[in-house]
Amino acid sequence: MPVDGIRWNEALDRVRLRTSQGGTPQQRASLKVGFLSAKGGDGCTSLAVNMAAALAKDTAAKVLLLDLSLPFGDADVYLTRKPVEHDLADFCNEVNRLDEALLASMVTPIADNFHFIASPASFEKIMGIEPAQVEQLLAFVSPLYSFILIDLGSNMGPVGLRMWEQLDQAVVLSSVSMPSLRRLNQIKQLWESLGLSAAKLNFAMNRVVGKTDLELTEFQRIYPQKPLHLLPADGPGMKASVVQGTPLVSLQPRSDYTRAVAAWAADWSGQPMKDKSIWQRLRKK
């Protein structure tokens, strides 16, 4: 499962803002990235949420986060304390008459350029979702956003597997543990058995703190592919994020986790990381 740098960069180039000779920005094409969890609790949802929030800091980008971690995804708890009026099931029910005006009235706005579609909270609504409806929804929103990030969690059901085929890239988030390593290999085997491009499947390492269940060096010996990124552990920050309903990249913009995600987002958007000047930081004190 080697990382195909050329394919990855070509996908990124499609979403980077191009400027004509007259200085007029050209339209972006969407990049659809799915986030999968090697196993439950590896931090897939928090990464998807924070990556979306980091990308949305580039005001020229338009970002959609779709919670497909079925059943009972919980990306909303990292994003807002306000109740979500419309969820994925509602979009699926309206997908045949969906237009831009209806879409704008139904999405949950996190920021002007950052929209969210939540997972249904009831099992009855989840059971009514058809894979074809989600695929139709994704086809409709794709031209309207620069980045579409999909939290797939551990979803290996019909909806999740159908989405695998629609992705430009998939990132499996793993922790440094033997159970995660085992699941990482299982996902790789399933991906390849479905005939999907190995170049589209990559992984990142979460909660890298040194010694855990399995030494990072030992993990890399067994699974030699280099991860796209290493993300530091930040348990207290994530707890604060959930309590306040605010992505960690916004809540603690100078944390190590935020810096790691911001650097990753900068790679995708082609925009350099922006840090506050010393005067801006002093004014907050």
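The values are calculated or read from the model by the stated rules, or taken from the named source; none is laboratory data. These figures come from a predicted structure and were not determined experimentally. Neighbour counts are summed over all protein chains in view; Cβ atoms, including those assigned to glycine, are modelled from backbone coordinates with ideal geometry. These area figures cover heavy atoms from the full protein model, side chains too; ligands, DNA and RNA do not enter into them. Shrake-Rupley method; radii C 1.70, N 1.55, O 1.52, S 1.80 Å.
Tabulated data
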quantity: Förster-model FRET efficiency, 25 Å R0, A240 and A101, C-beta, rounded to 0.05; calculated: 0.10
quantity: Average Cα contact separation per residue, region 46-203, under 8 Å, 6 or more apart, as relative contact order %; calculated: 29 percent
quantity: Spin-label model distance (nm) - T217 vs A132, 7 Å beyond Cα toward Cβ; calculated: 5.5 nm
quantity: Accessible area per residue, Å², region 72-169 with all protein chains present, probe 1.4 Å; calculated: 45 Å²
quantity: Relative contact order of region 39-99, defined on C-alpha pairs under 8 angstrom at six or more residues apart (%); calculated: 27 percent
quantity: Top positive-direction residue, dipole computed over region 79-198 with Cβ charges, set L194, L173, L88; calculated: L173
quantity: With every protein chain in place, region 96-138: carbon and sulfur % of accessible area (1.4 Å); calculated: 53 percent
